[in-house]
Amino acid sequence: MSDAPTVLKKILARKQQEIAERSAQLSISQLQAKIAKLDQSYQPRGFVRGLSNKLAQQQSAVIAEVKKASPSKGIIRADFDPVAIAMSYQRAGAACVSVLTDADFFQGHEDYLLAARAAIELPVIRKDFLIDDYQIYESRALGADCVLLIVAAFLQQPERLYQLYQLAQDLGMDVLVEVHDQAELEIALKLDLALLGINNRNLHTFETSLDNTLSLLPMIDENIIVVTESGIHQPSDVSLMRDHKVNSFLVGEAFMRQTDPGAALQELFYANV
């Protein structure tokens with residue numbers, strides 16, 4: 001963790017505390033028992049399949065994000081109704097939905113994921129900073145169809161990344177592995193990846209550049225679905241990615257700042273389809 005940027009270090013330190021607090025209230029064995037009793041509505045919906053289906057139709061596969069705030073931007077959406085937002089995304093043609101569950105830095109909550117997923121039929125990813133087995137079991141108990149694993153959190157112990165990836169798969173969830181640069185990509189590519197996220201935001205400066213996705217593409221097998229994350233705001237951004245055969249997008253802030261997030265999604269991705 002010593003190589004991780006300052007903000008990420010702070011978040012990860014808080015996660016360690018959070019895991020200790022939560023596991024004192026509800027053990028892993030209790031989470032496992034809860035998972036075993038989940039009814040059909042909580043079974044994994046196939047996150048990768050949701051993206052693949054859109055791509056097979058030669059459409060952009062959009063992971064639309066339900067996000068209230070961020071450490072760098074503060075409150076993004078004061079009028080925050082996760083259910084209404086998720087439903088608007090589904091109506092607008094999103095492939096999947098992402099829900100922030102981190103409370104301290106993004107003002108998210110697990111209840112947002114539960115409520116949003118119950119209101120829609122799309123697969124949902126739990127967007128959080130997952131570093132421990134406990135959180136993977138917790139994610140499945142919440143009904144998450146996919147989890148995010150950020151390679152920058154595992155630079156000193158990539159074997160933990162590989163273990164958590166396998167555990168998530170064993171529990172039936174898909175995994176979005178996120179990288180920011182070539183060193184992280186080399187770690188990620190040791191996995192048998194179906195899904196790879198490239199974050200265009202520099203974790204040190206918080207600046208975004210779509211060149212980040214473009215520069216890493218030559219290293220990635222064409223069978224892996226590449227999701228470009230951050231910095232997608234206008235049709236020219238989408239066109240640039242499509243021109244380089246990147247057709248999967250994770251977009252949050254650009255939608256969250258609009259009155260109707262679903263209408264914003266439709267305008268950006270499907271207006272000319």
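The values are calculated or read from the model by the stated rules, or taken from the named source; none is laboratory data. Being a predicted model, the structure only gives us computed values, none of them experimental. Using ideal geometry, Cβ is built from the backbone for each residue, glycine included, and neighbour counts are taken over all protein chains shown. Areas reflect the complete protein model, heavy atoms only, side chains present, ligands, DNA and RNA absent. Shrake-Rupley method; radii C 1.70, N 1.55, O 1.52, S 1.80 Å.
With +1 assigned to the C-beta of every Lys and Arg and -1 to the C-beta of every Asp and Glu, and no other charges, what is the dipole magnitude of segment 126-273 about the Cα centre in debye, to the nearest 20?
Once rounded to the nearest 20, the dipole reads 180 debye.
Run the helix sum for the chain: -39,500 (n - 2.57) per DSSP H stretch of 4+ residues, divided by residue count, reported at 222 nm to the nearest 500 deg cm²/dmol.
Result for the chain: -12500 deg cm²/dmol, rounded to the nearest 500.
Of the candidates A92, A13, A115, which one comes out as most mobile in a Gaussian network treatment of the chain with C-alpha springs shorter than 10 Å?
A13
5 Å is the cut-off here: which amide hydrogens, built 1.01 Å from N in the peptide plane, fall below it relative to S248, excluding neighbours closer than 5 in sequence?
Result for S248 returns A61, T228.
For segment 6-36 and segment 162-231, write down the distance between their C-alpha centroids in whole Å.
24 Å
How far apart, in nanometres, would the label points at Q59 and S72 be if each is projected 7 angstrom from Cα along the Cα-to-Cβ direction?
3.0 nm
Along the charge dipole of the chain, pointing to its positive end and built from +1/-1 on Cβ of Lys, Arg, Asp and Glu, which listed residue (I150, M173, I225) has its Cα farthest out?
Farthest towards the positive end: M173.
Could you run the Karplus curve 6.51 cos²θ - 1.76 cosθ + 1.60 with θ = phi - 60° over segment 179-196 and give me ³J(HN,Hα) per residue in whole Hz, x for Gly and Pro?
Here the 3J(HN,Hα) series is 10, 10, 7, 5, 4, 5, 4, 4, 5, 5, 6, 6, 8, 7, 7, 9, 9, 9 Hz.
Which order do the peptides 20-28, 122-130 take when ranked by the mean count of other beta-carbon atoms within 10 Å per residue, highest first?
Top to bottom by mean Cβ count within 10 Å: 122-130, 20-28.
How large is the accessible surface of F105 in square angstrom, using a 1.4 angstrom probe and rounding to the nearest 10?
50 Å²
So the label point goes 7 Å from the Cα of Y270 along Cα→C-beta, right? Which residues of segment 95-127 then have their backbone N under 19 Å from it?
Zone members listed by number: 95-99, 117, 119-125.
What FRET efficiency would be calculated for the residue pair Q163, Q43, taking the C-beta separation as r and a Förster radius of 30 Å, to the nearest 0.05?
The value I calculate is 0.80.
Dipole size in debye (nearest 20) for the chain around its Cα centre, Lys and Arg Cβ +1, Asp and Glu Cβ -1?
It comes to approximately 440 debye.
How high is the relative contact order of the chain, in percent, counting Cα pairs under 8 Å that sit 6 or more residues apart?
Normalised by residue count, the contact order of the chain is 21 percent.
Leaving out same-chain residues fewer than 8 places away, which lysines sit with a Cα under 29 Å from that of K37?
Straight-distance partners of K37: K15, K127.
Can you list the aspartates and glutamates whose alpha carbon sits under 18 Å from that of K10, skipping same-chain ones fewer than 8 residues off?
Correct list for K10: E18, E21, D102, D104, D128, D132.
Give the calculated FRET efficiency between Q17 and E121 to the nearest 0.05, with a Förster radius of 41 Å applied to their Cβ-Cβ distance.
0.70
Please enumerate, by chain and number, the lysines with C-alpha under 18 Å from the C-alpha of K54, excluding those fewer than 8 residues away in the same chain.
By straight Cα distance, K54 reaches K245.
Along segment 102-111, what does the Karplus equation 6.51 cos²θ - 1.76 cosθ + 1.60 (θ = phi - 60°) give for ³J(HN,Hα), rounded to whole Hz, x for Gly and Pro?
Karplus values, whole Hz, x for Gly and Pro: 6, 7, 6, 10, 10, 6, x, 6, 4, 4.
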